[in-house]
Amino acid sequence: MIDNILTLLSARHAKERPEAPALAAQDEQERWYDISWREFDRQIAVASRALAVLGVEPQHCVATFSANRPENLVTDFACYRNRAVSVSIYATSSPEQVAYIVNDAGCAVLFAGNATQYHFAREAMEHCPCLKQIVVIKPIELDEDDSSSMLWDDFMKLGENASPEISAEVDRRIASATPDDIATLVYTSGTTGEPKGAILTHSNYDHALEAHRVRLDMLNPSDVSMAFLPLSHIFEKGFTYVCLMVGIKVAVNRDPRAIQDTIKEVRPTCMCAVPRFWEKVYTAVHEKINSMNPVSRSMVRMALKVGHKRNVDYRRRGLKPPFWLEKSYQFFDRKVFAMLRSAIGIDNPKIFPTAGAPVSAEIVEFFHSAGLFLMVGYGLSETTATVTCFPMVDYLLGSVGTPIPEVNVKIGDNDEVLVKSPTVMRGYYNKPEATAEAFTPDGWFRTGDAGYIRDGALFLTDRIKDLFKTSNGKYIAPQAIETRLGTDKFIEQVAVIGDSRKFVSALIVPDYEALRKWADTNKVAYSNTDELLTAPRVIDMMAKRIESLEKGLAPYERIKRFTLLPHEFTMENGELTNTLKIKRRVINERYASLIEKMYS
């Protein structure tokens, strides 16, 4: 009997609750429909035979280059039944990035999501001698000269028409699966160099899933999750696997730009997201509050005070709120918070895991006060996602929570966070030197993050490689400053500058729509974006907002000068990783003249 949870996960649910929904998806008219466990399991079984027909062998790598689709999960679990390795490639990757990962992993089969990814894959194929077959998920017109690709329906027909020998071979592979089998290669985003494939075994996933079963014991099959982040990101992949293990319906959000609409249609009770999502919601809610009449605004502020008292001061500490406070909260929950949550699209909130970047305590307290539990956490691709996260009670604001079961954390040299756990990767694929560097001599994984532990909770300060010294010898943690500034409604992106400089400066991408609205309201004349961003009154307004946001920072940490940029940092320009982290070296090089101007 195999131990691997993922190998026959769908088969177990299909046997116990065949008609219950496993997934929800959108058709071409963007209408939502459910996919039952019986149907999900059937598709996985067919796809697993089709992979075997295409010659995929145990521990061969299979790539998926697509935005979120139900088929991504079908291919994942079809790989596991063949003891094959699933390799996810971000949908936004360039042909060069696709070629690098395909060659590094040696993928013979690649699933492309749509026409753009299909053509990128074909372009990459010219540089990938290992890649033999492309399968396109979305029904499109294939190139006339293409003899190496097929559509998803034709791929599935291979499985439906597979011989008894193929079916028997897949059954043998299932029976011979071991916890040491590689399940996935998760490629890091490469902020400082080429991507590395973290080797995650079925044993890694088994331990991670069981640890989450214990920590997230509030989840049950009646919940609904929204897969909003890319399934190629270990955070979304891991949380989606947890939800499927529990039996929760997972709504697959195809277009992250449409999340404001889809979240209102799906009404999830749980959903993982990066802090930027909640920062935008926070800004929008505050704009709404500020536009209310004085009586309504006063009522909302009173509600937030009561919510903070009840949820943060009492419930967070595991204390029972006084009778009067509980009654006051129930009143405001019905009259204020229920409407607020409904406007977001979350009527019955359970937990909302939040990780991937620092999140301000102010935002966390606001949503907790309103009855929305942001479960702040921390993890990496190399640790099969979660290292720490908030428990339901006794969590410390400003921290990233406490270690989940079976995960050990300590602080090493240079305040580096070190992890030892059965969830830690085997190593980096094809990179023995990088693997050796990633571990201490006694086997602790080096996260590359700086932090400290207080009262059992982990607090992060910054990425060690991001920390820099000013010319005055003062250490600066840029992410902490960027997180503060990111809460402002006029600020979309920030890159803090100052390595070996005499003071700290910043390149700021403003929220252009909000800035134009302010300028129009305040009668600031401008004929184009450049004039708007250099208008003295705009600069003065932004300077005052930045100064207000920096309260509590040491004088040497405060931004002395800043430049407003006329365009945002993008993945396409190489300024952001696929997980939307800033590539500081690229930004320092690309904006060198603007940076020098701030210091001249």
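The values are calculated or read from the model by the stated rules, or taken from the named source; none is laboratory data. Values in this document were obtained by computation on a predicted structure and should not be read as measured data. Note that we place each Cβ from the backbone using ideal geometry, even for glycine, and neighbour counts take in every protein chain shown. With ligands, DNA and RNA removed, areas are computed over all heavy atoms of the protein, side chains included. Shrake-Rupley method; radii C 1.70, N 1.55, O 1.52, S 1.80 Å.
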Task: Amide H contacts of residue 64 (H built 1.01 Å from N, under 5 Å, at least 5 apart or other chain) - done: 87, 88, 89, 111
Task: Residue (of 331, 351, 378) at the positive-pole extreme of the stretch 246-393, dipole from beta-carbon charges - done: 331
Open item on the list: Which one, 82, 94, 139, is farthest towards the positive end of the dipole of the stretch 75-175 when Lys and Arg carry +1 and Asp and Glu -1 on their Cβ?
Closed with: 82
Open item on the list: Considering just Cα atoms, how many Å³ per residue does the convex hull of the stretch 1-111 enclose?
Closed with: 109 Å³
Task: Separation between Cα centres of the stretch 167-224 and the stretch 281-296, rounded to whole Å - done: 42 Å
Task: Relative counts (whole %) of C-alpha pair distances in the stretch 401-520, using bins that are 5 Å wide - done: 2, 10, 15, 15, 14, 13, 13, 10, 5, 2, 1, 0, 0
Task: Cut-off under 5 Å, modelled amide H: who pairs with residue 380 long-range - done: 385, 387
Task: Protein accessible area in the chain, 1.4 Å probe - carbon and sulfur % - done: 51 percent
TODO: State, to one decimal in nm, how far the label point of residue 408 lies from the label point of residue 180, with both points 7 Å from Cα in the Cβ direction.
DONE: 2.3 nm
TODO: For the stretch 214-300, give the magnitude of the charge dipole about the Cα centre (Cβ charges: +1 Lys/Arg, -1 Asp/Glu; no others), in debye to the nearest 20.
DONE: 120 debye
Task: Relative contact order (%) - the stretch 331-393, alpha-carbon pairs under 8 angstrom, separation at least six - done: 28 percent
Task: Listed pairs 335/523; 489/551; 288/597 exceeding 29 Å between Cα atoms - done: 335/523; 288/597
Open item on the list: Let me spell out the model: positive unit charges on the Cβ of Lys and Arg, negative unit charges on the Cβ of Asp and Glu, origin at the Cα centre of the stretch 397-470. What dipole size does that give, in debye rounded to 20?
Closed with: 120 debye
Task: Residues listed by number, the stretch 489-505, amide nitrogen under 15 Å from residue 289 label point at 7 Å toward C-beta - done: 489
Task: Charge tally in the Cβ shell below 13 Å around residue 429, where Lys, Arg are +1 and Asp, Glu are -1, residue 429 excluded - done: -1
Task: Per residue accessible area of the chain, 1.4 Å probe, in Å² - done: 44 Å²
Open item on the list: Under a Cβ-only charge scheme (Lys and Arg +1, Asp and Glu -1), can you give me the dipole magnitude of the stretch 495-600 about the Cα centre, in debye to the nearest 20?
Closed with: 380 debye
Open item on the list: Please compute the contact order of the stretch 335-469 in relative form: average sequence separation of alpha-carbon pairs under 8 Å and at least six residues apart, divided by the residue count, as a percent.
Closed with: 17 percent
Task: Flagged links, alpha-carbon separation over 28 Å, of 309/350; 138/583; 196/474; 410/560 - done: 138/583; 196/474; 410/560
Open item on the list: I'd like the distance between the alpha-carbon centres of the stretch 336-384 and the stretch 513-549, rounded to an integer number of Å.
Closed with: 31 Å
Task: Inter-part distance where the stretch 440-493 and the stretch 237-279 are each reduced to a Cα centre, Å - done: 27 Å
Task: 0 to 90° range, to nearest 10: angle between helix 95-105 axis and the chain longest Cα axis - done: 50 degrees
Open item on the list: Tell me the angle of helix 275-290 to the major Cα principal axis of the chain, expressed in degrees between 0 and 90 and rounded to the nearest ten.
Closed with: 40 degrees
- [ ] Can you find, among 509, 582, 468, the residue farthest towards the positive end of the dipole of the stretch 466-600? Put +1 on the C-beta of Lys and Arg, -1 on that of Asp and Glu.
- [x] 468
Open item on the list: Once you order the gyration tensor axes a ≥ b ≥ c over the Cα atoms, which shape class does the stretch 179-259 get: rounded for a/c under 1.5, otherwise prolate or oblate by comparing a/b with b/c?
Closed with: oblate
Task: Contour excess over end-to-end distance, with Cα ends at residue 547 and residue 94 and 0.36 nm allotted per residue - done: 159.2 nm
TODO: Determine the relative contact order of the chain: mean sequence separation of Cα pairs under 8 Å and six or more apart, normalised by residue count, in whole percent.
DONE: 11 percent
Open item on the list: Can you give me the angle between helix 115-125 and the longest principal axis of the chain, using Cα atoms only, in degrees from 0 to 90, rounded to the nearest 10?
Closed with: 70 degrees
Open item on the list: Through the Karplus equation 6.51 cos²θ - 1.76 cosθ + 1.60, θ set to phi - 60°, convert the phi angles of the stretch 18-33 into ³J(HN,Hα) values in whole Hz; use x for Gly and Pro.
Closed with: x, 8, 5, x, 8, 9, 10, 9, 10, 7, 5, 8, 6, 8, 7, 9
